Amino acid sequence: MLSTALSTRGLSRHLAFAIGFFMIACCASMSATVGAERSRERPAPLPRVSEKDVAEVATEIDRLLSEELFGDATEVAEATDDVNFLRRVSLDLIGELPSPESITAFTLDSSPEKRSRATHGLLENRLFGQNWARYWRDVIMYRRNDERALLASTSLVVYLTKQFNQGAPWDKIARELITAKGNILQEGSTGLIAAQWGEVPDTAAEVSRILMGIQIQCAQCHDHPTDRWKREQFHSFAAFFPRIAVRPIRNTNGMRRGFELVSRERQRRRPGQGNARKKKKKPKDNTGPEHYMPDLKEPTARGTLMEPQFFVTGQTLETDISDEQRRERLARWITSRNDPWFAKAFINRIWAELVGEGFYEPVDDLGPDRECSAPGAMDLLAEQFVAHAYDVKWLYATIVQTKAYQRDSKVRRSYEGTPFVANCPQRLRSDQLFNALTTALDIPEPPASRRGRVRRGLQGPRAEIARIFGYDPSNPRDEVIGAIDQALMLMNSPNLDRGMRSTKKTVLGRLLREIDDDESIAMELYLRCLAREPEDAELETCLDYVHEVGDRNEAFEDILWALVNSTEFLYRD
């Protein structure tokens with residue numbers, strides 16, 4: 001097959017090799033591994049996660065899943081092997097491929113606790129916070145209503161990275177996202193509200209969708225068609241947000257130097273006034289804009305004045321209190337134990353990212369009128385998540401410990417199929433893919449420039465990968481598919497092509513200079529790119545190709561190119 005492909009006319013040398021090579025490679029199961037840390041920084045402590053506690057809850061989750069979903073005839077996938085587990089958990093927790101050295105050390109470790117130890121180490125890695133901060137940045141920013149909101153992306157990632165690495169509980173983070181104010185370039189907690197640029201209905205809809213998994217925006221113009229929420233409930237919820245706005249920050253000359261999230265009941269000097277005139281301070285009052293539900297029969301009318309009311313519990317506030325008081329009260333209500341959807345929304349997202357599908361699908365559409373695939377397991381996780389004070393790292397450790405997470409991957413089930421009989425392959429998010437490329441090719445990420453095109457707050461090559469490979473993490477994963485521009489970029493990118501050459505400065509060039517054995521080089525390339533050793537048929541194909549080409553450098557450039565362009569490289573299995 002390989003020789004036939006190589007002789008095919010009209011195909012490039014690279015493409016011809018890739019076709020023949022992956023006719024054999026595709027027959028092998030997709031594999032994977034645990035992560036190498038790029039920095040030598042001291043990892044963040046992980047004080048609250050008890051291995052015994054995690055194991056007990058994980059075991060009970062698996063028991064409930066079996067009881068609720070699996071009958072005697074249900075075919076459940078076997079546990080995945082160590083190598084694949086390592087690649088999977090590394091990409092999931094820190095967004096990085098493991099190093100060849102860490103793969104070897106892990107496979108040689110005979111301890112039965114090595115998977116839980118590896119998980120614990122990854123949760124302590126500083127890259128854990130960064131990986132999941134970037135995930136939440138995408139959740140928040142992909143549905144922005146103003147491109148200027150991207151200015152808050154970097155500060156949002158910095159803020160969330162610090163929170164996750166320091167073990168901040170999810171309820172604390174959520175309260176800060178709801179009550180945030182200040183310069184959006186500096187105060188990362190402003191990101192959720194800044195993404196909707198102060199638009200009242202959009203802000204209410206996204207706070208509900210992201211933090212509670214309830215899409216109450218469907219009740220904005222009429223009662224929800226498939227849920228119990230009424231139009232009045234949406235607009236009563238929106239009444240928590242009419243006094244927040246994103247405003248320009250100006251210097252004394254009236255020049256804009258950024259944006260800030262402010263409360264609109266405060267009186268502000270007009271641009272250009274500077275400090276020329278000092279006015280007497282007026283007593284602070286609570287008057288300001290209010291939210292009115294539009295009159296559908298009279299669109300030009302002012303509508304009905306709405307009192308702030310939390311639609312989940314029915315708790316109500318008066319209209320004569322400040323923006324700060326409204327948002328603080330709402331933040332407490334959303335994150336309290338009286339709101340059953342706050343904990344479940346977070347659990348559902350993280351479970352879906354790790355296992356491949358959520359208890360509720362789509363991941364951001366929960367509620368009392370939605371069907372949960374395994375309500376007992378979900379309720380137990382929610383109960384324990386609250387009991388552990390919304391400890392984010394505890395939740396990750398528990399899910400990773402389950403058999404549901406550690407099963408082999410299979411293609412996504414049909415609608416009639418049984419959930420969680422196997423893990424599901426996940427297409428890498430753009431940041432994970434960028435990390436995999438730079439790790440496999442040993443290319444340092446260039447520092448960000450102040451100029452150039454910005455994508456989701458990113459610049460340079462990472463921004464270009466985000467533009468082409470990025471997707472909204474809230475979308476169903478069966479809708480996230482490959483595209484022609486993605487394939488063309490991986491095949492033809494000049495930057496990637498330079499990284500795969502056998503020159504003095506590339507990783508391939510160094511390997512060819514230092515290692516004379518072709519089999520060892522093939523092994524090393526597989527470990528670097530796919531975090532596993534090649535199977536016998538794959539190794540034979542590589543060695544035959546090197547012999548056939550007759551030029552060692554040229555042949556291994558092709559092999560490296562083919563690995564980077566493989567489907568296995570683009571997915572976490």
If each residue's Cβ is checked for other Cβ atoms within 10 Å, how do Met491, Met378 rank with the fewest at the top? Met491, Met378
Note, ³J(HN,Hα) from phi for region 509-521, Karplus 6.51, -1.76, 1.60, rounded to Hz, x at Gly and Pro: x, 5, 4, 5, 6, 8, 10, 8, 7, 5, 4, 5, 5
Mind listing the long-range amide H neighbours of Ile249? Cut-off is under 5 Å, sequence gap 5 or more, other chains count too, H placed in the peptide plane at 1.01 Å from N. Arg257, Gly258, Phe259, Glu260
Which ³J(HN,Hα) values in Hz, rounded to whole numbers, follow from the phi angles of region 290-297 under the Karplus curve 6.51 cos²θ - 1.76 cosθ + 1.60, where θ = phi - 60° and Gly and Pro get x? 10, 9, 10, 7, x, 8, 5, 7
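For a footprinting-style exposure proxy, rank Arg337, Arg231, Arg477 by other Cβ within 10 Å, fewest first. Could the numbers behind the result be given before it?
Working: Arg337 12, Arg231 17, Arg477 21.
Ascending number of Cβ neighbours within 10 Å: Arg337, Arg231, Arg477.
Please give the direction-averaged projected area of the C-alpha convex hull for region 358-513, in square nanometres with one decimal. It would help to have the intermediate numbers written out before the result.
Details: hull surface 54.2 nm².
Result: 13.6 nm².
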What is the distance, in nm, between label points placed 7 Å from the Cα along the Cα-to-Cβ direction at Glu232 and at Ala73? 5.0
Going down the table (Lys181/Lys230; Lys114/Lys403; Lys52/Lys162; Lys344/Lys410; Lys52/Lys114), which pairs top 19 Å between alpha carbons? Lys181/Lys230; Lys52/Lys162; Lys344/Lys410
Along principal axes, Cα extents of region 284-349, largest first, whole Å: 43, 36, 19
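Using a 10 Å cut-off around each Cβ, can you sort Phe234, Phe106 from fewest to most neighbouring Cβ atoms?
Numbers: Phe234 26, Phe106 20.
The order, fewest Cβ neighbours first, is Phe106, Phe234.
Laboratory data are not the source of any read-out in this text; all were calculated from the coordinates shown. Keep in mind the model is a prediction, meaning the values are calculated, not measured. Because the Cβ atoms are built from the backbone with ideal geometry, glycine has one as well, and the counts that use them run over all protein chains shown.
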